[in-house]
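Heads up: the structure comes next, in structure tokens.
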Amino acid sequence: MTLMSAATVVAVFFLGRQFYGATAGLIAGAVLSVMPLHVRFSHLAANDIPMTLWLTLALLASVRIAQYQHRGDYLWAGLFIGL
């Protein structure tokens with residue numbers, strides 16, 4: 001669970017970078033990394049952390065579809081939505 005939580009922070013960084021640039025991505029990742037609920041549930045076997053990771057990755061792939069329209073992004077979005 002802790003690795004999924006750390007991966008979510010990285011995914012939020014990439015999502016913020018995709019929308020507003022590297023500085024905004026760093027701020028978004030830093031804010032998520034110290035959010036009380038995110039920190040609290042990171043080491044517990046709760047559904048919130050994996051769901052947040054897959055949802056964030058699906059959103060990132062969807063944004064990439066809207067911006068670049070690569071076929072691979074469709075596959076990634078489908079995979080992450082399925083998970």
Self-check item: Residue-by-residue Karplus 3J(HN,Hα) for the range 61-66, coefficients 6.51, -1.76, 1.60, Hz, glycine and proline x
Solution: 5, 5, 5, 5, 4, 5
Practice problem: Mind checking the per residue accessible area of the range 8-61 for me, 1.4 Å probe, whole number of Å²? | Solution: 59
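Per DSSP helix of 4 or more residues, -39500 (n - 2.57); summed, then divided by the residues of the chain. What does that give at 222 nm, rounded to the nearest 500? The partial results should precede the final answer.
Details: 5 runs with 70 residues, N = 83.
Mean residue ellipticity at 222 nm (helix-derived): -27000 deg cm²/dmol.
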Exercise. Please report, as a whole percent, how much of the solvent-accessible surface of the chain comes from carbon and sulfur atoms (probe radius 1.4 Å).
Key: 70
Exercise. Please turn the phi angles of the range 2-12 into ³J(HN,Hα) values with the Karplus equation 6.51 cos²θ - 1.76 cosθ + 1.60 (θ = phi - 60°), one per residue in order, whole Hz, x for glycine and proline.
Key: 5, 5, 5, 5, 5, 5, 5, 4, 5, 5, 5
Quiz item: Any idea how far the Cα center of the range 60-81 sits from the one of the range 1-40, in Å?
Solution: 19
Practice problem: Assuming a ≥ b ≥ c are the square roots of the Cα gyration tensor eigenvalues, decide whether the chain counts as rounded (a/c under 1.5), prolate (otherwise, with a/b larger than b/c) or oblate. | Solution: oblate
Exercise. Note the angle between two axes, namely the Cα long axis of helix 71-82 and the longest principal axis of the Cα atoms of the chain, as a number of degrees from 0 to 90, rounded to the nearest 10.
Key: 30
Self-check item: Table column - 3J(HN,Hα) (Hz), the range 15-31, Karplus curve with 6.51, -1.76, 1.60, x for Gly and Pro
Solution: 5, x, 5, 5, 7, 10, x, 5, 5, 5, x, 5, 5, 4, x, 5, 5
Practice problem: Over the chain, calculate the relative contact order: mean separation of alpha carbon pairs under 8 Å at least 6 apart, over the residue count, as a percent. | Solution: 30
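The values are calculated or read from the model by the stated rules, or taken from the named source; none is laboratory data. In this text the structure is predicted, and so the values were computed from the model without any measurement. Surface accessibility is based on the protein's heavy atoms, side chains included, excluding ligands, DNA and RNA. Shrake-Rupley method; radii C 1.70, N 1.55, O 1.52, S 1.80 Å.
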